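Q: Quick one: the structure is below, and I'll ask about it shortly.
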Amino acid sequence: MDQNTNKPVEKKNRSSTGLLLLVVLLLVSNVVMLWMLMQRNNEVEQTQQQVASITSEKDNVTVMLENMLSSYDTLKTDNEQLTVEMEAQRERIEGLLDQVKRGNYDLSKAKKEAETLRKIMKGYVATIDSLNIANQALTAENVGLTQELGEVKGQKDALSTEKAALEGKIAKGAILHTTAINAGALFMRNNGKQVETDRAKKAEMVKCCFTLGQNSVTDSGDKTLYMRVISPDGSVLPASDPNNRFKFNGVEGEFSAKREVNYQNQPVDVCVFWNGTSEMRTGQYIVELYESGALVSKSSFDLK
């Protein structure tokens, strides 16, 4: 009786133990699976972070290169050597940008090369700025020279000192002077007759007639008289002779016409003509006569 009763109890205990082992195995299996899943999620997250970092780095390098190309578009210079060099650097940037966009270039290496290219570009910017400053200085100098040589308004203050010095010479009677002077514009009729006009559209030439007064102090002989015709805009009407420069009042400038006169210390009538090389403007024209670098006389006339 006792032996039969113990067998079912033993069988039941074995079944419970097996079930317990199965539960334990399932729990262990689930724990392992959960751990593996967490590891996988960590790897995926790290991969996503790496991809985001690479994408951001790629975008930064791309933007840097594109900004450099835009900067080169604003760099302008007349220096041919600089232009050739900048074009070569621009081509390097375009090639590197294309490789970066295609993903065919190591980003760290691309970034270093981009930094080098940016330093080179900054060097060009500094060079061009220096050249522009130098050009501005030269332009200012040329403008000042033009005003000094050709514009009466620009010379007014500078010539005041020279005028005072010349007044001393005039007091000594060494400078020629005129007793009469008349200036105006002319046009030529078909019959060859010269006709005075006050119309700018008709004007073809300028005539200035005057009488050199008696002067017993100055040396007699051939005298070169220079005529300057100053237009309403302050420029000197150019002579047909390309070598139309002479010294007057201590500076060098342009003359419109000149004439040789034999002066024997007695009054002599003289006319000087300027033949038009371009259409004349409306406004007031100033005519100045010089001999030996000094102002002999001046007159004016208006065209409308």
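The values are calculated or read from the model by the stated rules, or taken from the named source; none is laboratory data. Just so we're clear, the structure is a prediction, and the values are computed from it rather than from any experiment. Backbone-built Cβ (ideal geometry, glycine too); neighbour counts: all protein chains shown.
Q: Restricting to segment 168-216, give me the number of residues that are modelled with pLDDT of 90 or more, more than 25 Å from Ser240 (Cβ to Cβ) and not in a loop (DSSP other than H, G, I, E, B).
A: 1
Q: Enumerate the pairs (first residue in segment 192-210 and closer than 17 Å to Lys304 by Cβ and touching a residue at least 24 places away in the same chain (Cβ under 8 Å); second residue anywhere and charged (D, E, K, R) and part of a loop (DSSP other than H, G, I, E, B)) with beta-carbon separation below 8 Å, excluding pairs fewer than 6 apart on the same chain, so at least 6 apart or on different chains.
A: The qualifying pairs are Asp198/Lys304; Arg199/Lys304; Ala200/Glu279; Ala200/Arg281; Ala200/Lys304; Lys201/Glu279.
Q: A follow-up question, please. Among the residues that make up segment 248-261, is at least one of them assigned by TED's automatic domain parsing to the domain that holds Gly221, farther than 19 Å from Thr146 by Cα, surrounded by 14 or more Cβ atoms within 10 Å (Cβ to Cβ) and in contact with a Lys or Arg (Cβ under 7 Å, 6 or more places away or on another chain)?
A: Within segment 248-261, one or more residues are assigned by TED's automatic domain parsing to the domain that holds Gly221, farther than 19 Å from Thr146 by Cα, surrounded by 14 or more Cβ atoms within 10 Å (Cβ to Cβ) and in contact with a Lys or Arg (Cβ under 7 Å, 6 or more places away or on another chain).
Q: What are the pairs with Cβ atoms under 8 angstrom where one residue, in segment 276-291, is exposed (fewer than 13 other Cβ atoms within 10 Å of the Cβ) and the other, located anywhere, is among the aromatic types (Phe, Trp, Tyr)? Sequence gap at least six, or different chains.
A: Gln284/Phe301
Q: Considering each of Leu159, Leu96, Leu145, Leu131 in turn, give the residue that is under 30 Å from Thr211 (Cβ atoms), part of a helix (DSSP H, G or I) and either among the hydrophobic types (A, V, I, L, M, F, W, C) or modelled with pLDDT under 80 (or both).
A: Details: Leu96 fails: under 30 Å from Thr211 (Cβ atoms); Leu145 fails: under 30 Å from Thr211 (Cβ atoms); Leu131 fails: under 30 Å from Thr211 (Cβ atoms).
Every option except Leu159 fails the conditions.
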